[in-house]
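Report on the structure given below.
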Amino acid sequence: MEFIDALTIALSKGRIFEQTLPLLAHAGIEPRDDPAATRKLILATNLPRVKLVIIRAADVPTYVQYGAADLGVAGKDVLMEHGGAGLYEPLDLRIARCRMMVAGVPAADLGPDRLRIATKYVASTERHFAAKGQQVEIIKLYGSMELAPLVGLSDLIVDLVESGNTLEANGLVPLEPIADISARLVVNKAAWKMKHAAIMALLGVLREAVEAPVGADQ
Ligand code: ATP
Ligand code: MG
């Protein structure tokens, strides 16, 4: 597929890159390098006008918001924290799926006391408990949230849960769902107007790839 405008697409390494790759392939876009095997942060593709920028998952909305990338792929968790300013979110890619959950020790008290909650997802946690009319103290962490209740840093955690194995390995259980999470295509609002035809063309083939029956190839 040919694109009339140059397009820069922001992706993060790991599961987002790996699971977006087949969708991009459906659009005829193939990176020249594997981010797991190169230190390059800008990857050329087989299409001279399309390039990928490889950044931290939590930074994808920011690059797209400021137009440093025209579009990107970001987890709903990351978008809920970012707030979505300057972005359109036209397509659920249905990849990198998991749930944002409140978790803790089995039968932990979720009651009205001022609970301490450790999480990387401060905004989502605040919103969740505010909606229940519950006062909580949020302790911001950057990873390994499961440790916090084990060492008395917090009563509960808010984290992403896929199989529950990491929780279980640490004697924790999911207690309350907050949101279903999957990766979304995000588009810079100015690019949406200025590069409308190219973005619509890419969006169309990505939507087709997402909706294709599981196992079907092209
Ligand atoms: P880093 O690992 O670089 O600190 P990160 O944890 O945000 O950053 P990834 O682990 O690659 O980066 O996660 C990227 C996205 O994938 C998350 O924003 C989330 O939407 C989704 N994700 C994270 N963990 C899981 C999981 N266990 N199962 C499915 N999807 C997940
Ligand atoms: Mg991670």
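The values are calculated or read from the model by the stated rules, or taken from the named source; none is laboratory data. If you're wondering where the values come from, they're calculated on a predicted model, not measured in any experiment. Backbone-built Cβ (ideal geometry, glycine too); neighbour counts: all protein chains shown. The accessibility values were calculated without ligands, DNA or RNA, using every heavy atom of the protein model including side chains. Shrake-Rupley method; radii C 1.70, N 1.55, O 1.52, S 1.80 Å.
Listing for the model above:
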| quantity | calculated |
| --- | --- |
| Length released on extending from Arg49 to Asn165, taking residue separation times 0.36 nm less the Cα-Cα span | 37.5 nm |
| Where the chain is the region considered: accessible area per residue in Å², 1.4 Å probe | 52 Å² |
| Extension reserve of the Asp33-Ala123 stretch, reckoned as 0.36 nm per residue once the Cα distance is removed | 28.9 nm |
| Apportionment of accessible area to carbon and sulfur, the stretch 42-153, percent (1.4 Å) | 52 percent |
| Fraction of beta bridges assigned by DSSP in the chain that are antiparallel (%, nearest 5) | 60 percent |
| Derived scalar couplings ³J(HN,Hα) [the stretch 125-134; Karplus, 6.51 cos²θ - 1.76 cosθ + 1.60; whole Hz; x for Gly, Pro] | 5, 4, 4, 4, 6, 4, 5, 8, x, 10 |
| Hz values of 3J(HN,Hα) by residue in the stretch 188-203 - Karplus curve (6.51, -1.76, 1.60), Gly and Pro given as x | 5, 5, 5, 4, 3, 7, 6, 10, 3, 5, 5, 5, 4, 5, 5, 4 |
| Rounded to the nearest 10 Å², the accessible area of Val151 at probe 1.4 Å | 100 Å² |
| Test item: Cα-centred dipole of the stretch 1-92, Lys/Arg +1 and Asp/Glu -1 on Cβ, debye | 340 debye |
| Projected-area average for the chain over all orientations - Cα convex hull basis, square nanometres | 13.2 nm² |
| Percentage of interatomic Cα-Cα distances in the stretch 99-179 larger than 20 Å | 19 percent |
| Candidate aspartates and glutamates for bridging to Lys195, where Cα separation is under 18 Å - those fewer than 8 sequence places away on the same chain excluded | Glu2, Asp5, Asp70, Glu89 |
| Within straight-line cross-link reach of Lys120, aspartates and glutamates at Cα separation under 16 Å, skipping those fewer than 8 residues along the same chain | Asp59, Asp77, Glu81, Glu137, Glu146, Asp155, Asp159 |
